[in-house]
Amino acid sequence: MCLKLNPDEIKKYRKAGIIARRALNKAKEVCDQGVPYLKVAEEAERTIYKHGAKPAFPMNISVNSVGAHYTPIENDESEFKKGDLVKLDIGCHVDGYIADNALTVEIGTSRHTSLIKAAEEALGVAIRSIRPGMRTKDIGKNIENVINSRGFNPISNLTGHELKRNVLHAGTSIPNVSKGWTKIKKGMVLAIEPFATDGKGKVKEGGAGDIYRLEGQRNLKGEDLEFYEWAQKNFGSLPFAARWCGRYGEDHKSSLKRLRRFGAVMNYPVLVEKKKGLISQSEHTVIVTSKGCKVTTKLSQKD
Ligand code: CO
């Protein structure tokens, strides 16, 4: 199917895709009024492990005007409320081959169906339009057109991204507006994720989130080096949550704090809509083929 991916690699991307979708469906099923965010994240992440994959990043649960990078902390007490507009974003990998997918649900009301549909429809149009040789801005333009025609704004500073083995954001960005000259090539694996809003169409950094990623080792010593090496063995260069470090022991909190200070760990700030607009999101992972693309993040993967 793809020149640059061998059959074994394609098989792993597809396996990861099915598991990512299962986990997302599980999260959607559990997500309800009065249910803690933490329960949804834990159930989804458990589904990933149960099927033989590993999370590629902590599950993002982004409510209302939050766009990305919120994951529940250990003992998180937040619960879903009636009327919440919730983005569930889940990624997993099989032997480093990543699948990333997301959807939006509304808790107990149906006031934002058109906003949810705008992101879903934009994703569908983008996927159907993909051809090798087109530019990333052509995909972005398609997304932007659909979202605008529904009366909303695309979020211009949140993008989809190329995936490579063990790399979540591998160079090429897939914009949600007409930007970027990178050519789409057969064999590329892309996470496409339109975000629609009734706000300004931009996110800004809010407070610190609980998602981290290892950076350079920075001459760490002693217990800091020990924690760094443990994290490297468990997460590699993929994002991780502090709540995943409990297995390391109670020390992980102070180690994580020190590693951040030394620049050996980076933290992802929570991203919030600039005008506090509501945000919807829809995401699939695809493999670019000679004539179009194949979605990996769905349960049935017939050729
Ligand atoms: Co993504």
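The values are calculated or read from the model by the stated rules, or taken from the named source; none is laboratory data. This structure is a prediction, so every number in the text was calculated from the model and none was measured. When we count neighbours, we look across all protein chains shown, and the Cβ atoms used for this are built from the backbone with ideal geometry, even at glycine. The protein model used for the area step is the full one, side chains on, heavy atoms only, and it has no ligands, DNA or RNA in it. Shrake-Rupley method; radii C 1.70, N 1.55, O 1.52, S 1.80 Å.
Observations, loosely collected:
- Within region 198-225, being under 30 Å from N6 (Cα atoms) and either surrounded by fewer than 17 Cβ atoms within 10 Å (Cβ to Cβ) or within 16 Å of the ligand (Cβ to nearest atom) (or both) holds for one residue alone: R213.
- Subset tally (residues that are away from the ligand (no atom under 16 Å from the Cβ) and in a strand (DSSP E or B)) for region 153-197: 3
- Within region 136-150, the set of residues being open to solvent by 60 Å² or more (accessible area, probe 1.4 Å) and without any contact (Cβ under 8 Å) to a residue 40 or more places away in the chain comprises K141, N145, N148, S149.
- The set of residues in region 72-102 that are assigned to a strand (DSSP E or B) and either more than 12 Å from C31 (Cα to Cα) or not assigned by TED's automatic domain parsing to the domain that holds S173 (or both) comprises D89, I90, G91, C92, H93, V94, Y97, I98, A99, D100, N101, A102.
- In region 86-110, the residues that are over 18 Å from T71 (Cβ atoms) reach residues that are of a type in the set (D, E) and more than 12 Å from the ligand (Cβ to nearest atom) with C-beta atoms within less than 6 angstrom, at least six apart or across chains, in these pairs: I107/D84.
- Among the residues of region 59-82, those identified as small (G, A, S) and either more than 16 Å from the chain's Cα centre (by Cα) or surrounded by fewer than 23 Cβ atoms within 10 Å (Cβ to Cβ) (or both) are S65, S78.
- Some residue of region 141-149 being modelled with pLDDT of 95 or more, more than 16 Å from the ligand (Cβ to nearest atom) and within 20 Å of K294 (Cβ to Cβ): yes
- All strands (runs of 3 or more DSSP E) inside region 198-303 with 3 or more residues being closer than 25 Å to E106 by Cα and of a type in the set (D, E, K, R): 203-214
- Condition met for L123 (under 27 Å from F80 (Cβ atoms), within 16 Å of the ligand (Cβ to nearest atom) and open to solvent by 10 Å² or more (accessible area, probe 1.4 Å)): no
- Of the criteria (1) under 21 Å from A208 (Cβ atoms); (2) touching a helix residue (DSSP H, G or I) at 6+ places or on another chain (Cβ under 6 Å); (3) within 16 Å of the ligand (Cβ to nearest atom), which one Y248 fails: (3)
- Hits in region 151-183 (condition: open to solvent by less than 40 Å² (accessible area, probe 1.4 Å), touching a Gly at 6+ places or on another chain (Cβ under 7 Å) and within 26 Å of K117 (Cβ to Cβ)): P154, I155, S156, L158, I174, P175, N176, V177, G180
- Residue, surrounded by the fewest Cβ atoms within 10 Å (Cβ to Cβ), within region 83-105, restricted to residues that are aliphatic (A, V, I, L, M) and within 15 Å of the ligand (Cβ to nearest atom): L103
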